[in-house]
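Participant: Next up is a structure, given as structure tokens.
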Amino acid sequence: MTHIEDLVRSTTRALAGTVDTIRPLDTTPVRDAPRRQHVKRARGWLIPLAAAASVLAIVAAAVTAAHLASPTGRQGTTAATAQPPRPEFYMTATYPAAGPNVLQIQVRRTDGGAVTASTSIPAANMGWGNNITAAANDRAFFIGRYPCRSTTAAVTTFYRIAITGSGRISGIAPAGRPVQGMLTYLAVSPDGSQMAYTAVPGNCGRGKPGEPAAGTVNILDLSTGAVRTWQNTARQDTASGLSWAPDGRTLIIDEYAHARGGPDLTVFGLNTDSSVGSLQAHSTVLLQHSGECNGSSTCMPSVIAGPHDSLTALEFQRAGQQARVLIVSIPLAAGKPRTVLYSDLSDRPKGTSAMGTGLYADPSGRWVLLWPTGAFSEVNAVGWISGGRLHPLPGVAKVFPQGIAW
Amino acid sequence: MEPAKTWTWTRPHSSADAVTALYEAHALGLVRLAVLMTGDQGSAEDIVQDAFLGLYRRWDSLTDLPYPLAYLRASVLNGCRTALRRRSRADRAHYLSEVPSESAEARALLSEEQRAVARAIRDLPGRQREALVLRYYLNLSEADTAEAMRVSRGAVKSATSRALASLGRRLEEGQS
């Protein structure tokens, strides 16, 4: 060390030592105004550009006004405003190559499919159906996790995965309290306050329909940890799907049992404000079907879509050696015809089973995802249904997730 | 019954808690750094407050920030540069007459030689002053100094060497 370096060191320390107290941190400016306004000095060349932009804006406004004045224009606008925006992010869960007991979670943008966050969750396994669910604000996802242990009874813990506006995971924390049983299906209420779930006492996929808890639907209050339970008093049917109506009060429950000749489907609309007890006593039967999936019937899990006026359901029709995949909207009001939202002939021969395909709606109920959940699915791509078409969801074309939500 | 928190991946604090804890741990040091760069405590405190508010504001998007202190240090240096740029020449002349090295407290604490060094440091170009302060006041390595200044290690080496040479010349001139 040279003399001059010594001098610099001692001088800067002595100078810095003259400061020994500072004022405390005041975060008021951020709390009062979350986003700082960056005001840049206008440059000269921006003036003609701004003038040109103003003229363009005026012309665009005039064209839009003229369009709105026409009957077709008004109709189109009404439809556009009724449609909530498509979710910005979606989350997937897959078992990595290492196999079960670890879940690989990814957050992706629905436009372009870019991965914005990725993490692994240890000692976690899938339920029977979709084990991810999303709340309405597009910033909170929930998963159910249960470790595989042969020596202890299965316990499921729910986790809330919060993401930022840029799609990064900002936190994963337990929600509510752990519940007994192995998770089979789950759905979080649109406001993210209640978790509807079904669980069976088995462990690591060894649970069976018909076990004591099979006909039971539970709702866990995520803030208090209180669990309310409704029991199917008629039969020990197996829930095959849960979804919330956009009102946040009606829980749509698909239950089916294999009756003679084919699956027997009942779709309940449970009033969750009701007292606990019998599922039948507090529900409306929205849809019922007995018999085989033969092309004129709905035989697969449903999701509600729209403001309480319709169900969206998945159907399969036999078409020679192939299967036709249909997504239909079924009005709840009697006498109204159903609408085919999507129809496609599967290229998989002899496929009539819908067990390998899932339907999942966003919390608004308007944006429906169709996704193959297994190797035997008749559907070859994950995508959303709009305008009679399946729009492939970017980023999941090659590897189908075991769970998906948006 | 399995405990509720068998596994969790979450940031240790809320943004407010985390930034407040960082402020308590590092703000004084950063204000001292800013005082060495700008020369007055009022500006230095404003700059450091701004750096912490910036961190608070972006906390959610900075989930992968491994070393918040390095981020803060770079923010403070940037704030110092902005503050110095904003000062008009006249203001700077006024300000320079009241740098801490000439205050009553500094006169009591600093020797005549150290005050000469302080004046010489004050007159160095900004980058050279930054390199000197980071290397000899904070004892940062060349790599860390380069990261804080957002320049290459070579640039740090060069700035430090020139600064020391310049100081040597100034002090020799003062003695002669």
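Rule-based calculations on the coordinates, nothing more; no lab input. Treat the numbers as computed from the prediction; the structure is a model and nothing was measured. So basically every Cβ, Gly included, is an ideal-geometry build from the backbone, and we count neighbours across all protein chains shown.
Participant: With labels modelled as points extended 7 Å from the Cα through the Cβ direction, what inter-label distance (nm, one decimal) is found for A:THR116 paired with A:ARG389?
Facilitator: 2.4 nm
Participant: Another question, then. Amide H of A:ARG366 versus every other amide H placed in the peptide plane: which residues, excluding those fewer than 5 positions away on the same chain, fall under 5 Å?
Facilitator: A:GLY306
Participant: Across all directions of projection, what mean area in square nanometres is found for the Cα convex hull of segment B:111-176? Present the calculation step by step, with values, prior to reporting the outcome.
Facilitator: On the way: hull surface 16.7 nm².
Averaging across all directions leaves 4.2 nm² for the Cα convex hull.
Participant: Right, next: Points 7 angstrom from Cα along the Cβ direction at A:ARG338 and B:ALA18: gap in nanometres?
Facilitator: Inter-label distance under the simple model: 4.9 nm.
Participant: Would you mind calculating the gained length between A:ALA60 and A:ILE47 on full extension (0.36 nm times residue separation, minus the Cα-Cα distance), in nm to one decimal? Spell out each step's value before the answer.
Facilitator: Details: separation 13, 0.36 × 13 = 4.68 nm, distance 1.99 nm.
Full extension from A:ALA60 to A:ILE47 adds 2.7 nm.
Participant: Okay, next question. What is the distance in Å between the Cα centroid of segment B:118-166 and that of segment A:156-176?
Facilitator: 43 Å
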